[in-house]
Amino acid sequence: MTLTDLPEWHDLENHFTTVQNLQLRDLFANDPDRGSRLSLQAGDLYLDFSKNRVTDETLAKLIALAKACGIESTRDAMFAGVKINTTEQRAVLHTALRNTSDQPVYTDGIDVMSEIHTELKKMSEFSDNIRDKKLLGFDGRPIKNVVNIGIGGSDLGPVMVTEALKYYSDRSLQIRFISNIDANNFAEVTRDLDPAESLFIIASKTFTTDETMTNALTAREWLLASGAVDTDIAKHFVALSTNTEKVTEFGIDSANMFVFWHWVGGRYSLTSAIGLSIMIAIGPEHFKELLEGFYDMDQHFKTAPLENNMPVILAMLGVWYGNFFGAETEAILPYDQYLHRFPAYFQQGNMESNGKSVTKSGEPVRYKTGPVVWGEPGTNGQHAFYQLLHQGTHLIPADFIGTIEPLNNIGEHHQKLTANLLAQTKALAFGKTALELEAEGVSSELIAHKTFTGNRPTNTILMTKLTPHSLGQLIALYEHKIFVQGVIWDINSFDQWGVELGKVLATDIYQKLKERGSDADDSSTANLLKRFSS
Ligand code: G6Q
């Protein structure tokens, strides 16, 4: 039975017609405890979901839909190593990477935990060596620059986490990232680095990604141009991959390779060997705390009843707005500068996972699936795009993420930052009416312009403090939210066929550009090619 044929779906459709015009102002006025009632604590994270356009009945019906869609059984199948990524015939076991318990995790009858532990140990030793300045470059000086070359899932997670946990990082090391095939990226990242003090981490699950391989070859040339010889390569290059053959072919000794496995999806890989740059930056102990944070949220997701399950609640609220109110996008707005790449990270996490339009069995879906996800840190966004959030014509549900204790306690910055976070969610929810404006003496011709309709939904997620542990929980929270929505929409959240066509066409066009040819089977591409062929 398809999603929209389920009785629970029909029930929500009917319910929607009766509640769609309810006002948050009234919901709060009629229920003085709403703010604390519609909230949840899971580990270090506190979720206030009271400023959503829902009643208790709505929430119960959304949970009923989640149950009817088999969230619990599919979740258990994922944790148990069942091959739920059906188009690639793969298990989805990123949760095993952060299984800090002593419980085994099987897939294909094999316990994957011992190889995970072996790799984590190897990563720790390597990271300590760099952090202790024991890893030496070709002229005997210690390595102090670490450049991760990778793209997509082999870049965004390490970038996001090294930024988020910068406070905990070793400031004597430079950790940098090159992802784009655009030479500007390589040139700017390496321009002030001394090759003799630089290590390249080539991060690629497949070790065939054109951007990464092109940048890796350029890095090799850059090193050799500085006086290093071929035998020095081993001191300056390591690989993170599942593909030993390709790594060796590239010239990196398999001893300098950190492995992970086909059951780790790229965008879910930051706790695998792909996180090596993170571990070098923050140290193995903090990396372990990060894993423990992930694990705690995994356990919450696995064991909490659906009605008290944080990822499930966030996911079902997303379904409510996307499928019933017709919201097209969702904003992630962290009120913490260290989290400035968090929205970009989950833009990939969400849009690559749930940007699908056929069901698992290949039928076209008859409903909206994953939203456009975007965001920037507060308070910067307030002076940029919040105008549209407050008074525009789109309904944009938004997650506000904040911390109770600051990491850098300087003056009154944190109180002011927090005041802004709370003020924004209040303004979005309750707005400002014409009557209130009149009472304040606002001139009649400005009343319409100054009115805020309110009734714009937000979640507030608070961490006690931004630590490796709380960050791990926060990332896992969003990962599981995406998972739940994928199950509801009956799509495969773990493949990404949509990126293939562009890659194939680029290979073909690259040949044309090299040959200065301009023939193409469409007149726009042919015309554009001509501009490069003279
Ligand atoms: C993530 C995607 C994608 C992938 C990159 C890099 O889930 O699969 O973003 O991570 O295309 O791939 P490689 O790691 O194989 O170079």
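Every number here is computed from the coordinates shown, using simple stated rules; none is lab data. None of the values given here were measured: they were computed from a predicted structure. Backbone-built Cβ (ideal geometry, glycine too); neighbour counts: all protein chains shown.
Placing +1 on each Lys and Arg Cβ and -1 on each Asp and Glu Cβ, with no other charges, gives the stretch 341-403 a dipole about its Cα centre of roughly 200 debye. Per residue, the Cα convex hull of the stretch 326-428 amounts to 107 Å³.
Normalising by residue count, the chain has a Cα convex hull of 193 Å³ per residue. For the stretch 226-247 and the stretch 486-534, what is the separation of their C-alpha centers, rounded to whole Å? Centre-to-centre distance over Cα atoms comes out at 30 Å. Using the alpha-carbon positions of the stretch 346-388, Rg (one decimal) and Dmax (whole number) come out as 14.9, 45 Å.
Electrostatic bookkeeping for Leu217 treats Lys and Arg as +1 and Asp and Glu as -1; over the other residues with beta carbon under 14 Å from its beta carbon, the sum is -3. Multiplying the residue separation of Asp128 and Asn185 by 0.36 nm and removing their Cα-Cα distance gives an extension gain of 17.7 nm.
Figure legend: label point modelled 7 angstrom from the Cα of His262 along Cα→Cβ; residues of the stretch 108-134 with amide N under 17 Å from it are 108-112. Within the shell defined by Cβ-Cβ distances under 12 Å, the residues around Asn148 carry a net charge of 0, with Lys and Arg each +1 and Asp and Glu each -1. Using 0.36 nm per residue and subtracting the Cα-Cα separation, the extra length available between Gln387 and Lys246 on full extension is 45.8 nm.
Summing +1 for each Lys or Arg and -1 for each Asp or Glu among the other residues whose beta-carbon sits under 15 angstrom from that of Gly265 gives +1.
Estimated from the Cβ-Cβ distance and a Förster radius of 30 angstrom, the FRET efficiency linking Asp76 and Tyr167 is about 0.25.
Placing unit charges on the Cβ atoms only, positive for Lys and Arg and negative for Asp and Glu, gives the chain a dipole magnitude near 560 debye about its Cα centre. Highest average first, the peptides 2-12, 194-204, 174-184 ordered by how many other beta carbon atoms sit within 10 Å of their residues are 194-204, 174-184, 2-12. At full extension, Leu505 and Asp194 could sit 108.3 nm farther apart than now, given 0.36 nm per residue minus the alpha carbon distance. Over 31 Å apart at the Cα level, from the set Lys368/Lys426; Lys356/Lys465; Lys166/Lys503; Lys166/Lys356; Lys133/Lys205; Lys121/Lys144, are Lys356/Lys465; Lys166/Lys503; Lys166/Lys356. Short-range pairs are left out: with C-alpha atoms under 8 Å and at least six residues apart, the relative contact order of the stretch 432-532 is 12 percent.
Among beta bridges identified by DSSP and lying wholly in the chain, the antiparallel ones come to about 30 percent.
A simple charge model with +1 on the Cβ of Lys and Arg, -1 on the Cβ of Asp and Glu and nothing else charged puts the dipole of the stretch 366-467 at about 400 debye relative to its Cα centre. Evaluated at q = 0.28 Å⁻¹, the base-10 log of the normalised Debye intensity for the stretch 384-455, with identical point scatterers placed on the Cα atoms, takes the values -1.23. log₁₀ I(q)/I(0) of the stretch 1-154 at q = 0.18 Å⁻¹, via Debye over equal Cα point scatterers, no solvent, to two decimals? Computed log10 I(q)/I(0) values: -1.16.
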